[in-house]
Structure formats: structure tokens, C-alpha cells
Amino acid sequence: MRTAKLLSAIALGVLLPVAASAQCDTIASVCEKHITRQYIPDGQFYRALLTGDEMAEFNLTLFGGTTYRVAACSGLTDGNIVFSVLDRDRNVLFTNKEFGNEPYWDLSVANTIDVTIEAQLDPAKLGSGCAVLLIGFKR
């Protein structure tokens, strides 16, 4: 009995991360539609497994004179993620919450700036899931 419980615990420890990774891969491929041909992906997939009101933070440097597209997804439909872009003093530069949780937004940056992008699931739509952010810069 003890051996069966131990084996079950080990199997869950191995299989859950694999299943979560597969879920994030699927969401990332859905989210890629928002990084259109006008934008060059930065090659990163920013991911976090979230439950309830947990918040993920992603730190980036945005370079002056560039327009960026930030796309945020969770699940197979748009509008499940609330994301905000904050400067290093934690001032909100943009939040999609004011725009019906739009799945992407274009940010033009005049000067190079370090930012934090906070992302959390919209509790009215999802209780848990993988949050994926994709960043592209305009050609």
C-alpha cells in the first residue's frame, strides 16, 4: 500500500509538469496569431501556471524608438488574461483591463525603459491555467 502511494506520487510529479507544458505549448500556438507579419517575435515564450488570483511577473527591457506588440493568452479563447505594463517605479503604463482584456496591445517606446509585465487570469473566466505572453517588435 505504501509503495503504491509512493509510485502514485512520483507519477504525478512527473506527469503534471509534462501535461502543463503541453497545455502551455497549445496556448502559445493559439497566441502566436496576434504576432502578425508586421512584427518579429523576440523568440521567447513567457509562461506561468496560475491558480486563482496569482500573478506572474515578467521583466523586460524595451528599447527606445521601437514599437512592441504584447500578446497575452490563456485557454483557447481571447480575453482570459489581465495584463499590465509597469515602469521600474511600478507606475502603470498600460493595462488591458481598461480595454475589455484585449489579447494584445501595441506599445511605442520613445526611450529605452525597463518594465515589468504583470499577468493574471480573469477570475470571471478562468480559475486556473497557463498564462502565456509573447512579445514582438515592429519591422
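Net charge of the neighbourhood of V132, taken over other residues with C-beta under 10 Å away and scored Lys/Arg +1, Asp/Glu -1, is -1. All other residues whose Cβ lies under 10 angstrom from that of G79 are scored, Lys and Arg at +1 and Asp and Glu at -1, for a net of -2.
Values in this text are rule-based calculations from the coordinates and carry no lab data. None of the values given here were measured: they were computed from a predicted structure. When we count neighbours, we look across all protein chains shown, and the Cβ atoms used for this are built from the backbone with ideal geometry, even at glycine.
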